[in-house]
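> My questions will all concern the structure given below.
The values are calculated or read from the model by the stated rules, or taken from the named source; none is laboratory data. Please read these numbers as outputs of a predicted model, since none were measured by experiment. Here the Cβ positions follow ideal geometry from the backbone for every residue, glycine too, while neighbour counts run over all protein chains shown.
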Amino acid sequence: MNDQFSIFTKSDLVAAFFAEHNVPAVFELSGGMIAFLTDAIARSGKTPIISTRHEQAAGFAAEGATRITGRSAVAMATSGPGATNLITAIASSYFDSVPTIFITGQVNQSELKKSIFQRQNGFQELDIVQAVRGISKYSVAINSDTNLLDELKKAWTIAHEGRPGPVLIDIPIDVQQELIPLGAWKHSLDGESSNKQSRNFRIDELTKLIQTSKKPIFLLGGGIRASRKTELLRKIIDDWKIPAVHSLMGIDVLDSSSPYRIGMIGSYGNRWANRAIAKADLVIALGTRLDVRQTGSDPTEFIRDKKIFRVDVDEFELSGRVNADISVQADLHSFIIALSEIELDVDRSDWLTLIQNEALSFPQGAEQPSEVDFNPDDIMKWLSFLPSKISGYIVDVGQHQMWAAQSLKIHGDQRFITSGGLGSMGFALPAAIGAAVSAPGRWIAIAGDGCSQLSIAELQTIRQLNLPITLCILNNNQHGMVAQFQETNMDGRYTATRDGYSAPNFCKVATAFGIESRVIRNTQDLEEVTEFVSNWNSGPLVLEFIISISAKALPKMGLGSSIQDL
């Protein structure tokens, strides 16, 4: 513990706990009910405090830092509106299985409401614990009688055990100031990791399935990155020479140079990848939810004429909408280690060649309508071959998300982070802040013109901290994904997507924040700006790409259709 603590309060206890657990950063927006907490963390000098312009941004930044580093980051907010502004970020971490830690301040205990029928007693009083119970693994209200250290350790353990997820601790301001004996601080990791590791991995059955299969395929999900065994799985796939498709959350599991990396499946998946998994006779699904966007609306069509071997740590996912032939409840860390001990010698080169030929027959760039002369596929390929100093891509939600997922090339250990289960617009820029604060390198944030307006205030955060973030705004002057839906289903009535919608001049906005920017309108502009962007090393940069309103996220699985239809 830091010797500078002459008086040890419960706020100091929180600060010391964060330091001992190597929290990469605490992201917050200042508020009265967390003032003692931020003061204690600052005085400890061990954990960086990053001030954002909105509590939702603080939550997304903490999620981004957690996903990039593998260590839980913290988002903190004051009571009332500060706490409710965290809710979207809490849900994002919950659905994407990210162990983000959320701390909220609360009014004095004497100001808490006296009855469940009383709406409010203290100013900005709000029962945030009850509000987030359905979107968190654990939420707890602290009082003077609570053993705060025990609750911190308990929340930390719950966040990480089994399927990871967020936790929330609500601490009244008077409790934050309570003094505790120095001896009360006794850090111990004992009991803080209680993951149950199943040893019934059914590897022998999987081996037999692979040996008898003519068209096996891996389906890789977001759980693989969370397992921290990505490199080992890459080696297994290389050794076994079995092709692999991925979900939206599994894009960065394999390097794009791998001959076994096929592409993304699902509603907006690469056409050849969807055709590959449709033709497969064995799917080895690892750490993926097999939700409707992957399988189509009829899961029985997805599993037709194939065996499904599925591994997930969450028993409720295994018993969900897709019935696998073999389901293994296990953490992927242990399962992948067990998998690496198996030696397989199978020749599936004909199957791999068939898939690769189909990929040549359905190039992603050819999916756009003929009137689109500045192809989003070209933009993504251009971003992919910027210098290797790019650490990864943080991607928002919408058409640009699908273009990035379909066409970006992942090199080495580059990351691809997006809001998957919740699909929250405004995610990319604050999540990139979390990545840039906690990990070295330059980060590319990719957003649409609509998404950018949800978190545009965070341009001040990246300017103030001079973060190495290049924000790429794909501007087609509409809420494109919904407009695409309206074109198909509402006879081209574009209420609130084109009609009633507008976007600012983003380069002028960047200038107002003191950030360098460039506008790019065509492939010639791309060529002319390449050297400038490649050599940029002066903090944040904004690139605005002007693209046609006719550009679409394609291919698109229709309503009521299945992956077999592609």
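To keep it simple, each residue is scored yes or no on (1) touching an Asp or Glu at 6+ places or on another chain (Cβ under 7 Å); (2) crowded, with 20+ Cβ neighbours inside 10 Å; (3) closer than 30 Å to Gly480 by Cβ.
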{"site": "Ser327", "(1), (2), (3)": "no, no, no"}
{"site": "Ile342", "(1), (2), (3)": "no, no, no"}
{"site": "Gln364", "(1), (2), (3)": "yes, yes, yes"}
{"site": "Val372", "(1), (2), (3)": "no, no, yes"}
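> Something else about it: How many of the residues making up the stretch 479-492 are crowded, with 23+ Cβ neighbours inside 10 Å and either of a type in the set (Lys, Arg) or at positive phi (or both)?
Of the residues in that region, 0 qualify.
> Follow-up. Here is a list: Asn476, Asn466. Which entry is modelled with pLDDT of 95 or more and crowded, with 23+ Cβ neighbours inside 10 Å?
Asn476
> Within the stretch 267-289, is there a residue that is in contact with a helix residue (DSSP H, G or I) (Cβ under 9 Å, 6 or more places away or on another chain), surrounded by fewer than 17 Cβ atoms within 10 Å (Cβ to Cβ) and on the phi > 0 side of the Ramachandran plot?
no
> Look through the stretch 24-56, keep the residues that are outside any loop (DSSP other than H, G, I, E, B) and β-branched (Val, Ile, Thr), and return whichever of them is nearest to Ile128 (Cα to Cα).
Within the stretch 24-56, the match that is nearest to Ile128 (Cα to Cα) is Ile34.
> If you check Trp403, Trp382, which single one turns out to be touching a Pro at 6+ places or on another chain (Cβ under 6 Å), at pLDDT 95 or above and assigned by TED's automatic domain parsing to the domain that holds Leu471?
When all the criteria are applied, what remains is Trp403.
> Need at least 1 residues that are among the acidic types (Asp, Glu) and at pLDDT below 95 per element, so show me which helices (runs of 4 or more DSSP H) inside the stretch 261-363 make the cut, counting only ones lying wholly within it.
Because the criterion is at least 1 residues that are among the acidic types (Asp, Glu) and at pLDDT below 95, the helices (runs of 4 or more DSSP H) in the stretch 261-363 that meet it are 299-302, 315-318, 349-361.
> So Ser517 fits all but one of (1) farther than 21 Å from His400 by Cβ; (2) touching an Asp or Glu at 6+ places or on another chain (Cβ under 9 Å); (3) at pLDDT 95 or above; what number is the exception?
(1)
> Can I ask one more? Being outside any loop (DSSP other than H, G, I, E, B) and either modelled with pLDDT under 95 or not hydrophobic (A, V, I, L, M, F, W, C) (or both) is the requirement here; does Asp239 meet it?
yes
> Which numbered condition in (1) touching a residue at least 60 places away in the same chain (Cβ under 8 Å); (2) assigned by TED's automatic domain parsing to the domain that holds Ala439; (3) touching a strand residue (DSSP E or B) at 6+ places or on another chain (Cβ under 7 Å) is the only one that Pro387 fails?
Single failed check for Pro387: (3).
> Taking the condition aromatic (Phe, Trp, Tyr), modelled with pLDDT of 95 or more and within 30 Å of Phe309 (Cβ to Cβ), does Phe218 pass?
yes
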